[in-house]
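Bear in mind that the values in this text are calculations on the coordinates, not laboratory data. This one's a predicted model, so the numbers in the text were calculated from it and none came from an experiment. Reconstructed Cβ throughout: ideal geometry from the backbone, glycine too, with neighbour counts over all protein chains shown.
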């Protein structure tokens, strides 16, 4: 949108130049209507586009001037010397406002108001007002099934014969209506004449539609806003949300309600006969199409009510969590076996076997997704207890703090949520203790006395991002640096960016508390938070602005049991790189190697990326020396390449823990079993990068 | 759904906003600066829809709509007018000339898309 703004500014300057020329021309020749038209159009465009691109001040200012020139154009007013002088001055005001939006200063905003009033005096009393908000707002609706507060409308859309004459096609309208919710449509063709009498350019059809949606009546009517004059439109609310009794009105009642049938006619017909509908048609009281529409309505509403009833019955059941864990484990095993089966089928080549293997693959993928889905819980369950924590602790420390939460509905694996609780408690304690200042300190620095901690969760691809931000004092960069030097964590002359210094608070051995308080100085530092999160295959990031607060961002995978991985090979060994970290794969050519002069750097799309030779890291044998590939990954903020022999492809990775023996191995986060029974190690890109940086 | 849309406006920034918004939705867009150029453009390119401003030099939007509607090839082509005036007379003049729909400026990009979808499907 910024380039759009720039474009508007450019255009406005051009128009102002035209405007000045035209005004001077008009001064010489006040009766020249063509010049008046030019002035009007220039003002009109400046105003119209101004409002579009966020220059509301300019739009409001030009509105009055435009109205004045419209009167001149219509001949109800003549151009005077005074008007031209005022307009020229107005041009300067607009220029000044344009400049102000570019970081300049609007020199005399008071004059703008005076000018607006001066122009207003040219106008008859009722036309001086500023533009009203646009009357037509087309709501863009969310699609999807109707929710609990769903409403059912009956819509009759009967276009006039000449509907097509202004280019209207009724089909997209009906499609738009259909997209609002669940819709039953009946086309009424009663007026359709014999072929010989048919005018192909006339519209003979009408539609009855029964729509169940959570949108209001206006949204439904809005669909037909362009054809209001060209058709008869009837929208009626016939059923509201809560009703679950699947018994809906009788057909006869519907017909009477819609005006297709008289109540007395109905009563006459009802004398002791059960199948009312067909009888009425036979008697010529209603047409077959009207009856059809009524029957569809009946069915639609009955269906909706039935659905609601069902939803109430099977809302939820409770299951012990070990059962779910077992289910997920089994699904994981099944994926492994299925990979084996697929491989055998591919080797065997029998098309029948391949077919079965593919079916098993599809089913096991569905089963996997489903069983993982069952374990997902909304994170809001943990958020709730933090409210209490904040309340109690802030009272204890004499601070005033509110906790604002967002994204409670974000779903995460149950295990992740459980293991996330402690780190979150710690982070919130930190914000309360060190982040938010005492009320009098806050007020002295111009902030509201009451501090705010914001806890927010949201999905981002295969990850969940949780942020804890406070509007407190922010991190004291110098103090952190000083402490880090004292503790020997960095050299006194180390060149570090502000961000790198902030990240130091998560280094082991860095105690955060200036003075140990009962709240956060419990010997557990940010380094523990960091290692907890990393154990969940997540990452932690700190950003802070002095005086306005600190934000901690946690990025976590959705689940721990199965991930999408990128399968690569090095010296005939297979490894899995978590796909969520992978940015792209490129070849590492001899040219690249030469250009880098022995440094481990590769140029990808004009970016220099350092890389790690995994073969060297793992001490594997030298291969045939064929072309290697670099998998570019995003580790924290930076991009790091990993050199492998070959990228094989995407792989559903069922994560198995390494035994106790290998618990301390850095750079490997687990293992997985491949289709052929071989084991592939899952790489921990974070640890591998840290390791390389230490050397 | 793709389609060729003619955007007529004497403001470059407006034309660009319309083009940018509709191209993102997969429509193709040709531009014209006024009614006269629009009439020349429709002879070169077959368009499925026209979106036009009303106040333009040389030939204004009302005149353009009237001329297009009189052309048998444009009898059923949807034409949308962009209006800033909330006053009914301009809108009525456009409707009488044969406009299919209208959008009141300022509008949000999604409103434009909604109207195009409503008329073009």
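Taking a ≥ b ≥ c as the square roots of the eigenvalues of the Cα gyration tensor, region A:291-416 is classed as oblate, since a/c reaches at least 1.5 and a/b does not exceed b/c.
Where q = 0.08, 0.10 Å⁻¹, what log10 of I(q)/I(0) comes from the Debye formula for the protein assembly as shown, counting one point per Cα? Here the Debye-derived log intensity ratios amount to -1.09, -1.26. Subtracting the Cα-Cα distance of residue A:589 and residue A:32 from their residue separation scaled by 0.36 nm leaves 193.3 nm. For the pair residue A:232 and residue A:676, a Förster radius of 56 Å applied to the C-beta separation gives a FRET efficiency near 0.20, rounded to the nearest 0.05. Rg/Rh for region A:351-416 (Cα atoms only, Rh after Kirkwood) is 1.41.
How do A:31-41, A:277-287, B:49-59 rank on mean C-beta neighbours within 10 Å, highest first? Could the numbers behind the result be given before it?
Numbers: A:31-41: 17.5, A:277-287: 15.6, B:49-59: 22.7.
Peptide ranking by packing, descending: B:49-59, A:31-41, A:277-287.
Pairwise alpha-carbon distances in region B:14-121 exceed 18 Å for 45% of all pairs.
Sort the following peptides by mean Cβ neighbour count (other Cβ atoms within 10 Å, averaged over residues), highest first: A:182-192, A:340-350, B:9-19. Display every interim value, and only then the final one.
Numbers: A:182-192: 15.6, A:340-350: 13.8, B:9-19: 22.3.
Per-residue mean Cβ counts within 10 Å order the peptides as B:9-19, A:182-192, A:340-350.
List the equivalent ellipsoid semi-axes of region A:597-695 in whole Å, largest first, each obtained as the square root of 5λ for an eigenvalue λ of the Cα gyration tensor. Don't jump to the answer; show the numbers that get you there.
Numbers: eigenvalues 118, 57, 40 Å².
Result for region A:597-695: semi-axes of 24, 17, 14 Å.
Sorting the segments A:473-484, A:546-557 by their mean number of nearby beta carbons within 10 angstrom, highest to lowest, gives A:546-557, A:473-484. Its relative contact order, with pairs defined as Cα atoms under 8 Å and 6+ residues apart, puts chain A at 7 percent. In summary, the convex hull built on the alpha carbon positions of region A:385-456 has an orientation-averaged projected area of 4.9 nm². Beta bridges from DSSP with both residues in the protein assembly as shown: antiparallel share about 75 percent, rounded to the nearest 5.
Spin-label pair residue A:10-residue A:175: with each label point 7 Å from Cα along the Cα-Cβ axis, the two points sit 3.6 nm from one another. Shielding of peptide A:38-48 by partners, expressed as the average count of other chain Cβ atoms within 10 Å per residue Cβ, is 4.
Give me A:13, A:611 ranked fewest to most by other Cβ atoms within 10 Å of their Cβ, as a rough exposure proxy. Provide the component values of the computation, followed by the final result.
Working: A:13 13, A:611 23.
In order of increasing Cβ crowding within 10 Å: A:13, A:611.
With contacts defined as alpha carbon pairs under 8 Å and 6 or more residues apart, what's the relative contact order of chain B in percent? Numbers along the way, then the final one.
On the way: 199 pairs, mean separation 28.7, N = 121.
Reported relative contact order: 24 percent.
To the nearest whole number, what is the average tally of beta carbon atoms from other chains within 10 Å of the beta carbons of peptide B:96-104?
Numbers: counts 1, 1, 3, 3, 8, 7, 3, 3, 6.
Mean inter-chain Cβ contacts per residue within 10 Å come to 4.
Among the residues of A:416-423, the average count of other protein chain beta-carbon atoms within 10 Å of the residue beta-carbon is 0.
Calculate, in nm to one decimal, what residue A:217 and residue A:100 gain on full extension: separation in residues at 0.36 nm each, minus their alpha carbon distance.
Roughly 37.8 nm would be gained on extension.
For the pair residue A:495 and residue A:192, label points projected 7 Å from Cα toward Cβ lie 8.1 nm apart.
Note on residue A:3 and residue A:110: their simple-model spin labels are 4.2 nm apart, each label 7 Å out from Cα toward Cβ.
Classification of region A:417-483 by its C-alpha gyration tensor yields a prolate form. The axis ratio a/c (a ≥ b ≥ c) is 1.5 or more, and a/b outweighs b/c.
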